[in-house]
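To start, the structure under review is shown below, and the notes come after it.
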Amino acid sequence: MPIYVVGHRNPDTDSICSAIAYAHLKHCLGETNVKAARAGDVDAETAYVLRRFGVDAPELLTDASGLDLVLVDHNEVGQALPHIERANILEVWEHHRIGDLRLPNPILFHCEPVGATATLIAELYSAHGVTPTREMAGIMLASILSDTVLFRSPTTTEKDRAIAARLSALAGVAPDELGGEMLRIKAADSERKSATQIVRDDLKVFELGDMRIGVAQVEVARAGAFLERKGEILREMRALRESSALTQMILMITDVEAKASDLWFVGERADVFEQAFGRLSDDAVHLPGCMSRKKQVVPRLQTAIEGTASA
């Protein structure tokens, strides 16, 4: 029976490429029954990375029932494959907060505050004395560049930078050149998306206290990229909030060049949102310096929710 290495729903480059690279490492160590998988469609940036390094997209999974799984880049039920509670989870490799996954048995669970899961997978290659192929080095480098937004995100660590430099030499590609092309592809793709895609393609759902909050993020290369479509996008946010039983729906529009984000909000408990981020104006707030959902948005929401609960 195969063991699948799989990332979160609405997968990004780190989620898919970390799964591929970890499955490849397992093969190098003699575990040939391990296979990479994905929990959703490949986006434009990831497709470019896979093409550039000649790597096939992994198998699509739609249901976790009865499967043996290694999870990468997530550990929250709302972000996992459907019926994750019916899977046999063997390992977790992760760089986000500890989520709500409940497991019946002890497992290997590695969670470390670095910029990308691929940083941890690349470190595992070194720990096992395995040199990544050019292809694996390339996709892991791309994952680090993507998740750290070319080292501009506050989630970036010295470990990310050091490992990226090593992977760059193995892949034979300069980080600035690769990252710049990835950024152009992602920004252009973002502006072509429908309102539904903008709201859903990079959506993560968090259970925070008694609230269920969806936070989607989209990266753009110019300020005001979606202002002319704001009404349409807010309507889609409201529809998604209702259909997914969310307390709040937040869209994080990140201007990579300006190193800032606009947060658009729909839903209940606006007081919690405003306590976390400031007063809403036309259903939005502008946050200079904010680029990370996991480090600068979700923790502030958690603190605000805890503050209102104890008041």
**Prompt:** For the range 3-184, what value does the Rg/Rh ratio take when both radii are computed over Cα atoms and Rh is the Kirkwood radius, given to two decimals?
**Reply:** 0.94
**Asked** In deg cm²/dmol, rounded to 500, what helix-only [θ] at 222 nm does the chain give when every DSSP H run of at least 4 residues adds -39500 (n - 2.57) and the total is split over its residues?
**Response** -12500 deg cm²/dmol
**Asked** Which entries in 186/294; 26/193; 26/294; 26/186; 193/294; 159/295 show an alpha-carbon gap greater than 25 Å?
**Response** 26/193; 26/294; 26/186
**Asked** Using the Karplus equation 6.51 cos²θ - 1.76 cosθ + 1.60 (θ = phi - 60°), what ³J(HN,Hα) coupling, rounded to whole Hz, does each residue of the range 259-264 give in order, writing x for Gly and Pro?
**Response** 6, 8, 9, 9, 9, 9
**Message:** Tell me the label only: which of (1) 146; (2) 128; (3) 155 is volume of the Cα convex hull per residue in Å³ as calculated from this structure?
**Reply:** (2)
**Request:** Please give the contour-minus-distance gain from residue 44 to residue 110: 0.36 nm per residue of separation, less the Cα-Cα distance, rounded to one decimal in nm.
**Result:** 20.9 nm
**Fill in**
Karplus ³J(HN,Hα) for the range 31-45 (6.51 cos²θ - 1.76 cosθ + 1.60, θ = phi - 60°; Hz, whole; x = Gly/Pro) runs 9, 7, 8, 8, 10, 6, 8, 9, 10, x, 6, 7, 7, 5, 4
**Request:** Starting from the Cα gyration tensor of the range 193-310, take the square roots of the eigenvalues, sort them a ≥ b ≥ c, and report rounded, prolate or oblate (rounded when a/c is under 1.5, otherwise prolate if a/b is larger than b/c, else oblate).
**Result:** oblate
**Complete:** Contact order relative to length for the chain, counting C-alpha pairs under 8 Å separated by 6 or more residues, stands in percent at 13 percent
**Request:** Take the alpha carbon atoms of the range 271-307, find their center, do the same for the range 130-193, and report the distance between the two centers in whole angstrom.
**Result:** 28 Å
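Only the coordinates and a few stated rules stand behind these numbers; no lab work does. All figures in this text were calculated on a predicted structure; none of them were measured in a lab.
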